[in-house]
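**Q** Quick one: this structure, given as structure tokens, is what I'll be asking you about.
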Amino acid sequence: MPPETLGNPECPCLVQKLICFEKKSVDVDDDYGEVTLWTCRRCGRIWLHYFIEYEYLTAAGRMFTGVLSPAAAARVTAKDAVETFMVDAKA
């Protein structure tokens, strides 16, 4: 990916969450939340995607997404994914 496109502030991935991503599954956490890293194929921005569904409650699924720094993405695990949202947001 050309360096001038990395983290492009005008990339549609900041507005439209369903554009072309390369998805890499991290794992499932202790609460059965699915943790995935999504990399935008256009700008290279890395997103942490966390999805949890409570099957016993109707329409109780929750999805969280947030941009991660490459350093945070390299160390994220399923066990600390929720905490990563909070820590990387403060950085």
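Throughout, read-outs are computed from the coordinates displayed, never taken from laboratory work. Everything quoted here is computed from the prediction, not taken from an experiment. When we count neighbours, we look across all protein chains shown, and the Cβ atoms used for this are built from the backbone with ideal geometry, even at glycine.
**Q** Restrict the search to the stretch 42-73; then list the chymotrypsin sites (Phe, Trp or Tyr not before Pro) that DSSP places in a loop and that have at most 13 other Cβ atoms within 10 Å of their Cβ.
**A** TYR54, TYR56
**Q** With Cβ to Cβ distances under 11 Å as the rule, what net charge do the other residues near ARG41 carry (K, R +1; D, E -1)?
**A** Within the 11 Å Cβ shell, the charges total +2.
**Q** Hey, fewest Cβ within 10 Å first, where do GLU53, GLU22 land in order?
**A** GLU22, GLU53
**Q** Here's a follow-up. What is the local net charge at ALA78, summed over the other residues whose Cβ is closer than 13 Å to its Cβ (Lys, Arg +1; Asp, Glu -1)?
**A** Neighbourhood net charge equals -4.
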